[in-house]
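One structure is given here, and the rest of the page talks about it.
The values are calculated or read from the model by the stated rules, or taken from the named source; none is laboratory data. Predicted model, so just to flag it, every value in this text is computed and none were measured. Reconstructed Cβ throughout: ideal geometry from the backbone, glycine too, with neighbour counts over all protein chains shown.
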Amino acid sequence: MHQFDAECAVCQEAQREGIPHDEAMRRMKIREAHMIEQIGWVVHAITDAPLAHTHGLQETYGHPDFEVRLPVAPRRRYDLLRTLAEAVQAGQTFHAGVESLTPFQCPVRFVERQEDDRTVLRAVFPDANGRWPGESGCQTGYNEQLLD
């Protein structure tokens, strides 16, 4: 359980509907299962970090789910994950330790990470100057993509 002031979708629904947190969570899980059945995946945004990840790609397509840790607007993180998920839906595969120029117009690297009880691929992007995390001069935020 997280802090209730995190403003996550479950907490917002519980407050809006005047229901207990566990009931809001049950409803969210039902909606997510329906979305995964219909679309094949969903995105979870983490409200207290610049982090978002997918669920459903492993079960639907046999491909690891993705996560992105970038200091950009939540909508931009969603768009990055959507692009990766749609590439998987179209038959592309991505692997840890491999750099890819697709499906973006810049290179992206994938790092295997543990997220709770599952392995995901974190998409890591260079900063606006082409510097990767760990390289001298990498912009703040971009240099933190490998943090847990």
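Being assigned to a strand (DSSP E or B) and under 14 Å from the mean Cα position of the chain (by Cα): is that true of ARG82 here? So ARG82 fails the test. Taken as a whole, the structure places VAL111 among residues that are closer than 22 Å to GLN139 by Cβ, part of a strand (DSSP E or B) and either touching a residue at least 12 places away in the same chain (Cβ under 8 Å) or not hydrophobic (A, V, I, L, M, F, W, C) (or both). The residue that is nearest to ASP65 (Cα to Cα), counting only those in the range 103-148 that are among the polar types (S, T, N, Q) and touching a Pro at 6+ places or on another chain (Cβ under 8 Å), is THR119. In the set (1) of a type outside the set (Asp, Glu); (2) touching a residue at least 24 places away in the same chain (Cβ under 8 Å); (3) at negative phi; (4) crowded, with 16+ Cβ neighbours inside 10 Å, the condition left unmet by MET28 is number (2). With respect to the conditions (1) modelled with pLDDT under 95; (2) assigned to a strand (DSSP E or B); (3) not hydroxyl-bearing (Ser, Thr, Tyr), GLN105 lacks only one, and its number is (2). Just one of the listed residues (HIS63, HIS34, HIS55) is buried (at least 18 other Cβ atoms within 10 Å of the Cβ) and under 23 Å from GLN12 (Cβ atoms), and it is HIS55. Go through the residues of the range 15-29 one by one and say whether even a single one is touching a Phe, Trp or Tyr at 6+ places or on another chain (Cβ under 7 Å) and among the hydrophobic types (A, V, I, L, M, F, W, C). No, that holds for no residue. Within the bounds of the range 122-138, is there any residue that is exposed (fewer than 10 other Cβ atoms within 10 Å of the Cβ) and either in contact (Cβ under 8 Å) with a residue 24 or more places away in the chain or touching a His at 6+ places or on another chain (Cβ under 8 Å) (or both)? Scanning the range 122-138 turns up no residue that is exposed (fewer than 10 other Cβ atoms within 10 Å of the Cβ) and either in contact (Cβ under 8 Å) with a residue 24 or more places away in the chain or touching a His at 6+ places or on another chain (Cβ under 8 Å) (or both). Of the residues ALA73, ALA96, the single one that is modelled with pLDDT of 95 or more, exposed (fewer than 15 other Cβ atoms within 10 Å of the Cβ) and over 18 Å from ILE39 (Cβ atoms) is ALA96. Residue-level check: of (1) assigned to a helix (DSSP H, G or I); (2) at positive phi, ALA87 misses just (2).
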